[in-house]
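To start, the structure under review is shown below, and the notes come after it.
The values are calculated or read from the model by the stated rules, or taken from the named source; none is laboratory data. Remember, it's a predicted structure, so these values are computed and weren't measured experimentally. Using ideal geometry, Cβ is built from the backbone for each residue, glycine included, and neighbour counts are taken over all protein chains shown. For accessibility, only protein heavy atoms count, side chains too; no ligands or nucleic acids. Shrake-Rupley method; radii C 1.70, N 1.55, O 1.52, S 1.80 Å.
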Amino acid sequence: MWVRVKLFGGLREGRFTVKDIETCRTATVNDIVEKLGIESQEVGVTMINSRHCSMGCTLNNGDQVAIFPMIGGG
Amino acid sequence: MSDRIFRVNMTDLSTRTEDIPDRWAGLGGRGLTSHVVAEEVPPVCHPLGPDNRLVFAPGLLSGTAAANSGRLSCGAKSPLTGTIKESNAGGMAAQMLARLGCRALIIEGKPEGDTWYCLHFSREGIEIREETELAGKGNFAVVETVAERLGKHLGVITIGQAGEMLLLAANISVKDPEGKLRSHGRGGLGAVMGSKRLKFIAIDASGCSVDLADPDCFREASRAFAKALVENPISQALGKYGTNILVNIVNEAGALPTRNFQSGQFEDHEKISGETMHDMIRERGGRVKHNCHPGCVIQCSQVFNDRKGKYLTSGFEYESIWAMGADCCVADLDLIAEADHVMDDIGIDTIETSVAFGVAMEAGGLEFGDGKGMLRILKEDVAKGTPLGRIIGCGAGHTGRAFGVTRVPVVKNQAIPAYDPRSVKGIGITYATSTMGADHTIGYTIATNLLNSGGHVDPLSKEGQVELSRNLQIATAAVDSTGMCIFVAFAGLDDEKCLPALVDMINARFGTALTLDDVMGLGRRILMTERDFNLKAGFTSAHDRLPEFFSKEPLPPHNAIWDFTGEEIDSFWDF
């Protein structure tokens, strides 16, 4: 199946901004993070289809996964 | 130098100093400004009349070597909201006032006639002088002229044309280490300063320093505190991308108010994002990191240059960029930066004014996305005080009433900033219950709702939001009293060594034995004092509500609505 992965902040460096990635049907957010060579402690927030999710969440075909580093502001 | 209260009476043009009364002994920053206003300002007075008082107070740790301790609180009854108000800013003034032994500077009364005045505050005391040359001038001219007259090392607190014209969105600006500006942005405090005919305050703290009760303990605690800040990953991200890194995450969460709060996502979000801004700054030879006051180790500010590499603006914040960008649909960072600079010079709140533009665009006075039109109105109408400029310059609520708009995002007449409360419900509780009208900084639930700092509370669920907002509002009131930048809260939420070190520094500064519970108790006391003022001014729980449209208009993409009952909101005050 295919998912659309969006990266933000420093996670884009050496990678990409948005990319469609082919995965197995049981793939989790964590699998995507590992596949992209991102250390888990670099990840601050993950969302599937604009909803916050845990790293263990399973993906469905056509999902949009957003991966953010630790960020702040206000 | 022992700390004192300094008073300036603008009615008879006199000054005096007083010992700090026992009841104010443990107070600084917002804790002190709010207590002075609550005790000395009649709650029903006209905010621009002689009975209002403008209070400046550095924080308890300002003037010391404590990292990030250079925030200055400014308080009064707000002409925009009619409530009590505290707004804090960086710049150099807090450190300098603290070193002059000034725990609070209280400006009282109002002179007869149309003469403008300025204050010169040094170790010899405060001198009131007439000011003619700078009347009608912008903030940058004030800073440059004071540097020429008195020296570059002086601190400056100033109002621009907006403050002189008593516009309700007028801010008070503070000179930063490089001669640029930081702002007491919200609540129209610049109009209060203007009503007292005070154009600027020049501060010379040469040769002065703050006494420490226990310098060794202070040094140790200060080192632990700075370490907690520097090592925190959110602090590090703030230094790299600034606050504007939030555009993309708030957009992704469907909470980026767009087109005057009609949608939660902006199709051109990447054009105004922190990542894009970071690349533009590097390409144009600007500075990614910049501190708004000496001693800041987070350095979330930046210097943004134009296409030719010439300085355009600094302190270019997420909320300003959101307001002009997504809310007004202007997808051009250069135009936004230019408007930011113009508003800094005029001395007007970028959030209030830009949200007012969004409302005016909905009314049809300007097309959504017309950044050049916005810039033209700022320069030709707001700066010059034409009738249109005065309407926009008095804020979003005023603009909505003048043009018959019903979708007007304000609480207690103050514009709602950059997070839609339908999609981030915790911040809606903060907007509704804030003692100062809609304000994100006063209880920044975004940290936990969206950024996973201090845990996670689902932004779209009602569960846990009242408690989250309450805890953050109490902690923020306490932090706002220390002189600390609120961004120390990220380390405070996630590093258990951070807040104890902060309390240790306060104890080493004053020779006290406060605990963290004592400091949080101060936060509760401040909130109750502020609320009590508002109740006496005529506010009721009916004012602690969001505008009707939030309950009626679902916000894409989640199609969320604001669904808290009045009773649920009012439970905020059960503490």
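What to note about this one:
- Shielded by partner chains, the range A:53-74 residues - at least 20 Å² of accessible area, 1.4 Å probe, vs chain alone: A:Phe68, A:Met70, A:Ile71, A:Gly72, A:Gly73, A:Gly74
- DSSP assigns beta bridges within chain A; of those with both partners inside it, close to 75 percent run antiparallel.
- Counting DSSP beta bridges with both ends in the range B:4-203, the antiparallel % (nearest 5): 75
- Here the translational diffusion coefficient of the range B:242-420 follows from Stokes-Einstein with Rh set to the Kirkwood radius across Cα pairs; for 20 °C and 1.002 mPa s it amounts to 133 µm²/s.
- Inverse mean reciprocal Cα-Cα distance (Kirkwood Rh) of the range B:161-252, Å: 17.3
- Theoretical FRET efficiency, 1/(1+(r/R0)^6), r = Cβ-Cβ of B:Asn559 and B:Thr11, R0 56 Å, to 0.05: 0.50
- For the protein assembly as shown, share of DSSP beta bridges that run antiparallel, in % to the nearest 5: 80
- Residue pairs exceeding 22 angstrom between C-alpha atoms, taken from B:Lys271/B:Lys308; B:Lys271/B:Lys462; B:Lys180/B:Lys310; B:Lys152/B:Lys227; B:Lys289/B:Lys379: B:Lys271/B:Lys462; B:Lys152/B:Lys227; B:Lys289/B:Lys379.
- Neighbour cut-off at most 11 other Cβ (10 Å), DSSP loop, GluC sites (Glu not before Pro), the range B:265-367: B:Glu367
- Taking the square roots of 5 times each eigenvalue of the Cα gyration tensor of the range B:441-501, largest first, gives ellipsoid semi-axes of 20, 13, 9 Å.
- Qualifying chymotrypsin sites (Phe, Trp or Tyr not before Pro) for chain A [loop in DSSP, other Cβ within 10 Å: at most 16]: A:Phe16
- Whole-angstrom Cα spans of the protein assembly as shown along principal axes, big to small: 78, 59, 55
- Proximal lysines relative to A:Lys35, as straight alpha-carbon distance under 27 Å, when same-chain residues fewer than 8 apart are discounted: A:Lys6, A:Lys19, B:Lys240
- Percent RCO, i.e. relative contact order, over chain A, from Cα pairs under 8 Å lying at least 6 residues apart: 42
- Once the Cα gyration tensor of the range B:352-510 is diagonalised, semi-axes √(5λ) in Å: 36, 19, 13
- What the Kirkwood sum gives for the range B:1-85 is a hydrodynamic radius of 13.9 Å, with every pair of different alpha carbons counted.
- In nm, spacing of pseudo-spin labels at B:Ser571 and B:His153 (7 Å Cα→C-beta vector): 5.7
- Only lysines eight or more places from B:Lys536 in sequence, or on another chain, were considered; those with a Cα closer than 19 Å are B:Lys77, B:Lys85, B:Lys412.
- The convex hull built on the alpha-carbon positions of chain B has an orientation-averaged projected area of 22.5 nm².
- Efficiency of FRET from Cβ geometry, B:Glu548 and B:Cys217, R₀ 51 Å, rounded to 0.05: 0.40
- Mean separation of Cα contacts under 8 Å (6+ apart) over length of chain B, as relative contact order %: 16
- Over all pairs of different C-alpha atoms in the range B:1-156, the reciprocal of the mean inverse distance, the Kirkwood hydrodynamic radius, equals 16.3 Å.
- The translational diffusion coefficient of the range B:240-304, from Stokes-Einstein at 37 °C and 0.692 mPa s with a Kirkwood hydrodynamic radius over alpha carbon pairs, comes to 257 µm²/s.
- Distance between the modelled labels on B:Lys536 and B:Thr276, one decimal in nanometres: 4.9 nm (7 Å Cα→Cβ projection).
- FRET efficiency for the pair B:Asp19 and B:Ser206, taken as 1/(1 + (r/R0)^6) with r the Cβ-Cβ distance and R0 = 35 Å, rounds to 0.90.
- Computed as a quarter of the hull surface, the mean projected area of the alpha carbon convex hull for the range A:2-69 stands at 3.8 nm².
- Near B:Ser183, the amide H atoms lying under 5 Å from its own belong to B:Gly90, B:Val174; only residues 5 or more places off or on other chains count, and H is placed 1.01 Å from N.
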